[in-house]
Amino acid sequence: MQLNELWFVLICVLFVGFVFLEGFDFGVGMSTKFLAKNETEKRVLINTIGPFWDANEVWLLTAGGAMFAAFPNWYATLFSGYYLAFVVLLLALIARGVAFEFRGKLQASKWKGIWDWAILLGSLLPPFLLGALFSGMIKGLPIDRSMTMHAGFFDIVNLYTIVGGLAFVALVYLHGLMFIRLKTDGEIRERAGKAAMKMYMAAGAVVVLFAILTAVFTDAFVKRGAILIPVYAVAIVLYLGLYPLLRNKKEGLSFAVTGLILILVTVSFFVALFPNVLISSMGAANNLTLYKASSSPYSLKVMTIVACTMVPVVLAYTIWSYYVFRKRVTPHELHY
């Protein structure tokens, strides 16, 4: 495997880590509006992700940094074409982080109401934008031979990208409900289980629709069907197996299954892209391949050495933090 191929895989891993870990954070954030019935329950939900959400966002920052260093042409073309979308994404993440810290500073209902909306939008917009971004990348974008993107509104916002965004939102919300089942107790835990049963059919329908549209709007199955079809087949089997787990209240297994489904869906985008990093709708000759978009071999070599040194440390810290905060959150342990 060449170094540019290795770094394509590593960037995929970073996005997978972000979607899996930050995915349940987003789901919990949405649940503060849709599931919690009072202030105590909102605080319980926020406290379940309190020790993790900021560290989980580092995976996205690292993925962006790795893309910039390993594939500067990919980074430049993508971020320039999706500039407004990335600004909205960052503002949503910032607003959510500020809301977690500020909503408890005053007890006024209007004050908390403003920050509750910030948490909702900051949890809903990022997965939607990320799903739309990935969908647009495999559908194809107007990129010319100079690697400049000329994307209009409907190149970014169309039926396929909207369904891709909704599929991500539905899956992360379901994933978040599974996390709530693991980390809370009492009435809200039971309510999360009932909400997950209702969400099961809706999320499944959106994901199936997205898979159908992928076959209609892209050539992913034609070019990468040998890998994509088994990936989607495993995801479907896992999703079908999730239903009895939900009914039998197998909380740990349910959380693992929704996480694996999110991982498979995210991996499928990178499988559909390879060996490209961006697909041009203006002709295959204008596609950005990972070979054409990568940094020099020396830069990739230095980055690989640094990654091999630091990544184990980061993973060890992440595992340790989840172990330390492994207990369930109950109302009498709240800190306002």
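The values are calculated or read from the model by the stated rules, or taken from the named source; none is laboratory data. For clarity, every value in this text was computed on a predicted model and none was experimentally measured. Neighbour counts are summed over all protein chains in view; Cβ atoms, including those assigned to glycine, are modelled from backbone coordinates with ideal geometry. Quick note on the areas: whole protein, heavy atoms, side chains included, nothing else; ligands and nucleic acids left out. Shrake-Rupley method; radii C 1.70, N 1.55, O 1.52, S 1.80 Å.
Give the carbon-plus-sulfur fraction of the accessible surface of the chain in %, rounded to a whole number; probe 1.4 Å, heavy atoms of protein chains only. Please report the intermediate quantities before stating the final value.
On the way: 11360 of 15760 Å².
On the chain, the fraction of accessible area on carbon and sulfur atoms equals 72 percent.
What spacing in nm lies between the two simple spin-label points modelled at Leu240 and Tyr291, each 7 Å away from Cα in the Cβ direction?
4.0
Rolling a 1.4 angstrom probe over the protein heavy atoms, how many square angstrom per residue are accessible across region 58-138?
For region 58-138, the solvent-accessible area averages 44 Å² per residue.
Under a 5 Å amide H to amide H cut-off, with H placed in plane at 1.01 Å, what residues pair with Val277 once short-range neighbours are removed?
Close amide H contacts, sequence-distant or interchain: Leu288, Thr289, Leu290.
To the nearest 0.05, how large is the calculated FRET efficiency for Lys110 and Lys249 if R₀ is 45 Å and r is the Cβ-Cβ distance? Intermediate values should be presented prior to the final figure.
Values: r = 38 Å, r/R0 = 0.85.
Using R0 = 45 Å, I get an efficiency of 0.75.
Using θ = phi - 60° and the Karplus relation 6.51 cos²θ - 1.76 cosθ + 1.60, list the HN-Hα couplings for region 189-202 in order, rounded to whole Hz, with x at every Gly or Pro.
Values per residue, Gly and Pro as x: 5, 5, 5, 5, x, 5, 5, 5, 5, 6, 6, 4, 5, 5 Hz.
Obtain the nm distance between the two label points defined at Tyr322 and Val87 by a simple spin-label model: each point lies 7 Å from its Cα along the Cα-to-C-beta direction.
Roughly 3.6 nm, to one decimal.
Put a dot 7 Å past each Cα toward the Cβ at Phe221 and Val313; how far apart are the dots in nm?
Result: 4.7 nm between the two label points.
From largest accessible area down, sort Arg181, Arg189, Arg145, Arg326; use a 1.4 Å probe on the protein chains.
Putting Arg181, Arg189, Arg145, Arg326 in descending order of accessible area: Arg145, Arg326, Arg189, Arg181.
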